[in-house]
1. When the C-alpha atoms of segment 1-74 are aligned to their principal axes, what extent does each axis show, in angstrom, from largest down?
2. Can you compute the helix-only [θ] at 222 nm over the chain? Use -39500 (n - 2.57) per DSSP H run of at least 4 residues, normalise by all residues, nearest 500 deg cm²/dmol.
3. When the chain is modelled as a GNM with alpha-carbon springs shorter than 10 Å, which of T11, T63, T42 fluctuates the most?
4. Loop-only check: which trypsin sites (Lys or Arg not before Pro) in segment 1-65 are DSSP coil with at most 14 other Cβ within 10 angstrom?
5. Report the net charge of residues surrounding A76, where surrounding means a beta-carbon distance below 10 angstrom and charges are Lys +1, Arg +1, Asp -1, Glu -1.
6. Just want to confirm a number: the relative contact order over the chain, from Cα pairs under 8 angstrom separated by 6+ residues, in percent.
7. What list of ³J(HN,Hα) values in whole Hz, one per residue of segment 43-50 in order, does the Karplus curve 6.51 cos²θ - 1.76 cosθ + 1.60 (θ = phi - 60°) give from phi, with Gly and Pro shown as x?
8. Separation between the V32 and A54 pseudo-spin-labels, each 7 Å from Cα along Cα→Cβ, expressed in nm?
Amino acid sequence: MILAGDIGGETTSLALFTAEKGDLHLLRSATVANDEFPALRTVLRRFVAQDLSALRGACFALTGAPPWPVGAPDVAAALGLPAAEAEVIGAAEAAAEHQQGGPLERAPSPLLGAAWRAARRGAAVGEGA
């Protein structure tokens with residue numbers, strides 16, 4: 001299972017996916033107001049609470065200036081992942097990942113780009129996501 005996110009200035013969108021045979025399968029998603037949470041760690045832990053042990057990787061597109069610091073080491077620690085399995089990328093890079101990931105049914109999405117990035121990284125190290 002992989003966690004992808006679009007972290008903006010006012011809201012954060014999160015989604016859990018499985019990645020099988022080159023396809024992403026959405027399990028669930030949510031969008032929250034950033035000002036309702038004291039830290040990104042709180043947002044992440046609440047969203048993945050029951051699925052934390054199944055999480056294999058995470059990638060987040062930073063598309064704005066959230067009210068708290070965002071960095072891959074902090075994300076990895078919050079999720080209990082090895083540092084190499086969590087990544088924070090920019091919005092343009094995430095959109096490019098989406099374009100490479102699969103068929104585009106709409107404009108490139110930073111959240112989907114982050115999901116494809118995490119899925120490809122997991123496949124590269126031989127792990128199912």
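1. 37, 23, 22
2. Numbers: 4 runs with 43 residues, N = 129.
Result for the chain: -10000 deg cm²/dmol, rounded to the nearest 500.
3. T42
4. Numbers: sites: K21, R28, R41, R45, R46, R56; in loops: K21, R56.
Here the sparse-neighbourhood loop sites are K21.
5. Values: positive: none; negative: D74, E85, E87.
Charge balance in the 10 Å sphere: -3.
6. Details: 268 pairs, mean separation 39.2, N = 129.
Across the chain, relative contact order equals 30 percent.
7. Running phi through 6.51 cos²θ - 1.76 cosθ + 1.60 with θ = phi - 60° gives 4, 5, 4, 5, 5, 9, 2, 7 Hz.
8. Roughly 1.9 nm, to one decimal.
Read-outs throughout are calculated quantities, based only on the coordinates presented, and are distinct from any laboratory measurement. Note that the structure is predicted; figures quoted are calculated from it, not measured. Here the Cβ is made from the backbone with ideal geometry for all residues, glycine too, and neighbour counts use every protein chain on show.
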